[in-house]
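Here's the structure we're looking at; comments come further down.
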Amino acid sequence: MLRSILRSAATAAKSHPTTGDIRIPASISASSKLSSSRTFATSTHPKKPNFRPDIKHENAAAGAKAAETLNKDLRARALKEDEKDKSLDIGPDGRPLFTSATSISELTKKDTCTYMKFRREELERVLPEGLPVGMLKEFGDSMRDALLIRQSFLDLRDNFRMVVDPTLQSNTKGLKARKQVVLDGPVSSGKSIALAMLVHWARDEGWLVLYVPKGREWTHGGFFYKNPKTGLWDTPVQAANVLQARNCRVDLRSAYILPPRTLLVGLPWDFLKYNKDHLQKIPCKIFEPIPLGEGAGVGWMKGADVVQIPEDYTLLDLVQVGLNSTHAAVGVVVRLREELSLVKDIPVLIAVDQYNSWFTFSEYEEPVTVRSCRPIHARELATVNAFRSMIHDNMMVGAFSHSTAVGKLRKDLPVVPADARVNFPRYSVDEAASVCHYYLRQRLIQREAFTEQSWKKIYYLSNGNGAEMRWL
């Protein structure tokens, strides 16, 4: 543009020689000199503008991703070859790196600091509610479905084993078994993985287990209504998800018509998928009508406010009532909690991860004025209010999740026994040694760079944090 201005001025001067000198503003003159000097100093040809500046960045990212994929493929091939060499399965001090136990029930103190191999299909069958994120991350990075056997987990398992069989307490030096346990501890100490393994063990033992892998989902998302009959807030979508798979949508248009003893087949229900055989053998013991609430997005049901429970119903039939009607979902979940407390034929365990989400405010708000809202506490939700308390005689374990931070809670929680809170530690030095040797076995660490001094530096640098140790 500056050159065109100068060219126009020169042309005008040539075409009008009789006129006086044409004065060019100083700013234009200086800038033109600066521009010309820069062009002359760099190159005789001006640099072309780059109209696609992201191409180089995208090519670099694509190249890095391709290199990472290639490295994973090469590593996977090398690990496949390593399976033929059993001399590599050696842990610290020449001890075996993998346990010979075939089930969690067979694990003893001698198996601590060793790894137990799992099959992904078996884990997904026993834990249809979903595997913890930390477990999946460990499996993905190590390229093997194996978990470290820790003494802290064995203590947790043996605690509930003694609850069911009190005769085992004679061998524990007078330690009292706790029916209610809250796992607390720092971030990435393995609480969620320990809880999932406990559920795995309990179901292998034939227990009836209600497993909630994401307690935070009970207080976030979906519809919420205040039930004038109970004074609590109903969350019908969350209540239906307790009974069925998260990926299975609730039919909001379903009418409440349930023929007696109807079996709904083909749906991937979380609670029914593994407990169906137990539920169909346990008869209902509470026959009071279940109150209906507002349905998810469909309002109140016309012409009915309760649903009758026949005396020949089992717990399976009770759960199907909540699956058939969004109006009855919340009432069925609350009634299910009462029914589970009356089961005596088989052990019943309630396991809740992200348990600390039930002691703070939910995502929901209640309008107070035109311009203000009041946050609704989790205890005001009907489903949370039914399951949150540990002041009872049933077996229940909850795990705090500090990765989904909800604020610092006080030490003495209102509905938790004073001695229920247990600190779940991070890796000890012995456990860290096994972990680093396992990562060496899985080629996450180069053998020429692996020394005892190096892995101890990683351990102390991460302070025993499992996720940080794997990343380092």
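The values are calculated or read from the model by the stated rules, or taken from the named source; none is laboratory data. This structure is a prediction, so every number in the text was calculated from the model and none was measured. Positions of Cβ are backbone-derived with ideal geometry, glycine not excepted, and every protein chain shown enters the neighbour counts. Note: areas computed on protein heavy atoms with side chains; ligands, DNA, RNA excluded. Shrake-Rupley method; radii C 1.70, N 1.55, O 1.52, S 1.80 Å.
Tabulated data
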{"item": "Lys/Arg +1, Asp/Glu -1 at C-beta; region 158-219 dipole; positive extreme among L183, V212, W201", "result": "L183"}
{"item": "Fraction of accessible area attributable to carbon and sulfur, region 334-442 (%, probe 1.4 Å)", "result": "52 percent"}
{"item": "1.4 Å probe accessible area per residue over region 377-436, in Å²", "result": "46 Å²"}
{"item": "Amide H contacts under 5 Å for Q180, placed H, 5+ residues apart", "result": "M396"}
{"item": "Sulfur and carbon atoms: percent of accessible area, region 276-320 [1.4 Å]", "result": "51 percent"}
{"item": "Fraction of accessible area attributable to carbon and sulfur, region 94-165 (%, probe 1.4 Å)", "result": "52 percent"}
{"item": "Members of K84/K109; K229/K302; K117/K137; K86/K117 lying beyond 18 Å, as alpha-carbon distances in this model show", "result": "K84/K109"}
{"item": "Distant-in-sequence amide H partners of V306 (H built 1.01 Å from N, under 5 Å)", "result": "L292"}
{"item": "Whole-number accessible area per residue in Å² for region 102-253, which is evaluated in the context of all protein chains at 1.4 Å", "result": "45 Å²"}
{"item": "Amide hydrogen neighbours beyond the local backbone of Q280, cut-off 5 Å, H modeled", "result": "L316"}
{"item": "Cβ-defined net charge surrounding K191, 10 Å radius [Lys, Arg +1; Asp, Glu -1]", "result": "-2"}
{"item": "Local net charge near I290, Cβ-Cβ under 13 Å (Lys/Arg +1, Asp/Glu -1)", "result": "-3"}
